[in-house]
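Inspection log for the structure reproduced underneath, given as structure tokens.
The values are calculated or read from the model by the stated rules, or taken from the named source; none is laboratory data. All values reported here derive from a predicted model rather than from experimental measurement. Virtual Cβ from ideal backbone geometry, glycine too; neighbours counted across all protein chains shown.
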Amino acid sequence: MAASTPAPAVGDDGRLSHKAILTILTGLMMGMFLAALDQTIVATAIRTIADDLHGLNQQAWTTTAYLITSTIVTPLYGKLSDIYGRKRFFIAAITIFVLGSALCSFATSMIQLAFFRAFQGLGAGGLFSLALAIIGDIVPPRERAKYQGYFLAVFGTSSVLGPVVGGFLAGQSSILGISGWRWVFLVNVPIGIAALAVVARTLKLQHRSLTHRIDWWGAVALSIGLVPLLMVAEQGRDWGWASTSSILCYVVGVVGLVAFVLVERAMGDEALLPFSLFRIPTIRIASIVSVILGMGLFGGIACLPLYLQIVKGSSPTEAGLQLLPLTLGIMSGSIISGQTISRTGRYRRFVRTGGGLMVAGLLLFATIDYNTPMWQVMLMCVVFGLGMGFMMQPLVLAVQNSADRKDMGVATSSATFTRQIGGTLGTAVFLSILFSTVPDKIAAAFRTIVPSADFQTAAKDPSVLANPANAAYLKQLAAARTSGSTSLSSNALTDSSFINHLDPRLAKPFFVGFSQAMDLVFLCGAAVMVVGWAVAFLLPHVELRGGPAAKSSGEAAAEPAIPV
């Protein structure tokens with residue numbers, strides 16, 4: 001019976017033609033553009049959003065909520081698409097993402113924004129993993145690097161546009177009567193509608209339906225395990241790490257994870273994350289490295305926009321432009337690794353080199369101070385970005401190359417899932433470290449800087465006192481010193497916008513306090529990445545196999561599972 005939609009052209013050797021692959025890539029790149037743009041467009045706007053909604057210290061909730069939901073559904077998208085086909089779930093992911101974006105634009109508090117971001121994450125979890133899985137379906141591993149350039153163009157464009165557009169929108173008081181930062185989310189709507197139209201028209205794939213059970217209980221158990229543990233990672237500093245609420249989260253999380261392991265063992269090959277995949281050495285080691293990579297990646301990136309805007313006083317737009325060297329590093333690393341892997345078939349050297357560069361980048365970030373020259377910060381961004389570019393795609397390629405073709409969706413989603421698990425943990429833990437240490441760092445800076453001649457001169461300068469913001473700040477400072485209050489530090493965590501209206505000499509304690517707290521975060525990120533770098537040296541090398549033609553002619557799996 002003829003299909004209602006013709007399949008892309010297939011050659012005599014069983015492979016899709018270059019033209020057919022490019023047709024499919026058009027739809028995939030639209031979806032990936034949507035996801036990649038959202039990752040960067042929010043970063044430079046989040047400080048403005050948090051200040052407007054009076055919750056800078058709740059910033060991690062909006063990021064963590066998004067990462068929690070996108071992480072949990074990622075393996076579910078992979079498994080369901082293996083069974084029922086990729087296209088319908090790719091379209092569903094885009095639709096949910098667009099609806100979530102629209103909801104985010106109506107948020108009136110940081111907690112409400114976190115809920116809407118969580119819904120948006122339900123769609124985001126399928127955008128990257130399904131696009132990569134489809135590429136794994138249609139392009140052999142050895143040739144896959146040839147097509148990375150197209151994705152790099154999309155990723156690079158969105159990475160360049162995202163911070164600049166996000167900063168520009170956040171910097172506008174209103175556009176068409178709507179607060180500028182709300183357009184950071186609204187801009188996804190027309191892009192998403194265009195993506196839906198392109199995907200529906202161009203993404204024409206043949207799929208052989210499979211009869212399998214769906215591991216719903218595994219998804220439920222995973223949610224029960226992850227959500228409370230991530231909540232305590234975010235809120236533990238306020239609740240107290242040994243408080244009743246924290247202990248309850250520990251218990252529920254552990255019970256959920258134990259239940260998840262038992263369910264997955266019972267489901268066997270039909271599990272949400274089949275344990276047989278992790279018996280393959282390459283997938284097992286790559287998954288561990290991906291978790292640690294995610295922690296270092298998100299832990300580092302979460303602080304950079306805050307440093308640029310709070311400490312350096314950059315506007316959101318300026319901060320977006322100042323992050324371009326990070327994008328340059330990512331794109332350069334991805335292009336170099338992709339082209340070299342395409343020629344040689346060897347990917348392990350890039351994972352190892354990338355780990356070392358990320359460690360070096362985080363250690364360099366840990367040396368920044370409030371007066372570090374911007375050119376030095378930008379060089380550090382290049383080093384860190386180059387390490388990211390060397391690691392991200394080769395790890396996904398290694399996993400896809402080692403998995404059986406029938407498990408391409410779940411294998412690819414497992415690679416994305418493990419990186420997102422690390423990213424979610426890294427964001428929650430590192431931002432918790434930041435905001436729990438900032439008050440003490442600011443208080444220590446006040447004790448050192450306020451008695452200094454520079455500060456006292458500014459405090460008595462009539463031209464400085466003529467600025468109402470400076471006068472009000474000095475009055476609050478005098479009252480706080482008399483009463484021993486820490487209200488100024490607390491105010492900076494709720495709404496930091498007043499800092500950049502102060503005379504730089506008077507604002508110096510805030511600059512020093514924030515930069516020192518961020519140095520600690522970067523140092524913790526470097527310590528985590530050292531572990532990931534060491535594990536990367538255990539990654540086996542498996543020659544990249546040919547593709548569908550070779551597979552159909554009897555090519556064996558590149559790396560068999562090791563019985564346990």
| remark: Taking the stretch 104-114 and keeping only residues that are surrounded by fewer than 17 Cβ atoms within 10 Å (Cβ to Cβ) and not in a loop (DSSP other than H, G, I, E, B), one is left with Ile111, Gln112
| message | Among (1) part of a loop (DSSP other than H, G, I, E, B); (2) touching a Lys or Arg at 6+ places or on another chain (Cβ under 7 Å), there is one condition Asn371 misses while meeting the rest; what is its number? | response | (2)
| query | So which residues in the stretch 14-45 are in a loop (DSSP other than H, G, I, E, B) and at pLDDT below 75, if there are any at all? | reply | Gly14, Arg15, Ser17, Ala43, Thr44
| note | Gly313 meets each of (1) touching a helix residue (DSSP H, G or I) at 6+ places or on another chain (Cβ under 7 Å); (2) in a helix (DSSP H, G or I); (3) over 19 Å from Leu431 (Cβ atoms) with one exception, condition (2)
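So that you can scan it fast, the table gives a plain yes or no per residue for (1) within 21 Å of the chain's Cα centre (by Cα); (2) surrounded by 24 or more Cβ atoms within 10 Å (Cβ to Cβ); (3) aromatic (Phe, Trp, Tyr):
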residue: Pro325; (1), (2), (3): yes, no, no
residue: Met331; (1), (2), (3): yes, no, no
residue: Ile335; (1), (2), (3): yes, no, no
residue: Arg343; (1), (2), (3): no, no, no
residue: Leu362; (1), (2), (3): yes, yes, no
residue: Tyr370; (1), (2), (3): no, no, yes
